[in-house]
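Some notes on the structure that comes next.
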Amino acid sequence: MTEREELARLLPALPERDLPAGRHSHHKDRLMQLIDDDRTPATASASQSRPTRPWLLRPAVWMPTAALALAGALTVGLVTTMDSGYGVEPSDGETAVVLLDRIADVAARTEVTPVRDDQLVYIKSMDAGAEYQEDGSYEPGRLTEREAWWSQEPGPVKQLALFYEGGGYSPLRELLPPGSPGTPAGIDRPTYQWLASLPTDPDELLDELYRLTRKAQGQEKDKEKAQVVFDKIGELLGKVMPPRTAAALYGAAAKLPGVKRVEDAVDPAGRHGVAIRRVDKRSSWATEWIFDRDTLAYLGERTYLTKDSQMGRKGTVLEESAILQRAVVDEYRQRPGAGAK
């Protein structure tokens, strides 16, 4: 057995019913990335062939403690709702539809400069992810500021992004078999140009998202895969994309069953806003997309438990992210308004 195989075998085996959305397999993948990656930046590479696509979840999720040890609109509501309270059910879903329609209208009128394939999308954020404990529970992680430079090449690329976090740079690479040419642009590596290729009619876009997403173990077993699609839309909201695509995403979200409006929600940066919320009932966790109350700009999201379980107490935050800045730059390590460092 190789060293990598032995490390993977030693990762904690969590009960499948308590770990929604393929999170444990994602953590294993991230551990393998940390093992394989050195701590120096690398430029993205491209190839012509298309690889078999492994599962990749949002990068805001951090490694569990055990793995780290091993690796060393402003809208007028018809009903005024309460604070989300990390589990309090808000009012009826129709107010969520009104809010999403208003957000879509604002998004459609937002000016966005198109991003070239040879450029990078820069995102500065504040992130935290719950850390796995030996008893199977999760403890909320420490918030950390992160800068990321996301490749926009149509691909395939082996390096998806470059992170600056905790005083050091590290590349984000997908765990791929030896000899793989890399990962092309697509639903799990959404570049600006790929997002621009999506349907801009909300109904057509929703059909396309159903087709592109696949069901993850541990999520609701409804035939519409509503939670999977909701989560996927949430992963896309922080990206830089054409206004019509952003508007269509919000329009598609408004058509999903179970979306609710939250009157007062707080992002990890402490900014209050209004939110869109959906509960994965089987896994008993809720995800909120948080928007500025006045401008309806997307601020970030938070996922938390809605009832006591083996994973933790009701209200335990599983992951959270706040978008602090988004921009387009020409080089890795280049920051908006400055050169590369």
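Solvent-accessible area of the range 99-159 (1.4 angstrom probe, protein heavy atoms only): carbon and sulfur portion equals 44 percent.
Beyond 20 Å, the tail of the calculated P(r) for the range 255-341 holds 47 percent of the Cα pairs. When both the range 258-272 and the range 152-217 are represented by their alpha-carbon centers, they are found 27 Å apart.
Put simply, when 136-146, 179-189 are sorted by average Cβ atoms within 10 angstrom per residue, most first, you get 179-189, 136-146. Exceedance of the 26 Å cut-off in Cα-Cα distance is limited, within the set 124/255; 232/314; 255/314; 255/281; 124/281, to 124/255; 255/314; 124/281. In this entry, the range 91-232 is assigned a mean projected area of 12.7 nm², taken as a quarter of its C-alpha convex hull surface. For the range 224-319, the carbon plus sulfur part of the accessible surface works out to 48%, probe radius 1.4 Å. Rg and Dmax over the alpha-carbon atoms of the range 186-332 stand at 15.5, 47 Å. List residues of the range 281-322, by number, whose backbone nitrogen lies under 17 Å from a label position 7 Å along Cα→C-beta of residue 144. So the set is 318-322. Heavy-atom accessible surface of the range 255-338, averaged per residue, reaches 38 Å², computed with a 1.4 Å probe.
Evaluating 6.51 cos²θ - 1.76 cosθ + 1.60 at θ = phi - 60° for every residue in the range 194-203, the Karplus couplings come out as 5, 4, 5, 7, 6, x, 9, 8, x, 5 Hz, glycine and proline recorded as x.
A Förster radius of 25 Å, combined with the Cβ-Cβ distance separating residue 135 from residue 272, puts the computed FRET efficiency at roughly 0.15. A cut-off under 12 angstrom between Cβ atoms defines the neighbours of residue 152, and their net charge, with Lys, Arg +1 and Asp, Glu -1, is -1. Between residue 111 and residue 212, the contour length at 0.36 nm per residue exceeds the Cα-Cα span by 33.6 nm.
The values are calculated or read from the model by the stated rules, or taken from the named source; none is laboratory data. Computed from a predicted structure; not experimentally measured. Quick reminder, even Gly has a Cβ in these numbers, built from the backbone with ideal geometry, and neighbours come from all protein chains shown. For the accessible areas, the whole protein counts, side chains as well, though only heavy atoms, and no ligand, DNA or RNA atoms are used. Shrake-Rupley method; radii C 1.70, N 1.55, O 1.52, S 1.80 Å.
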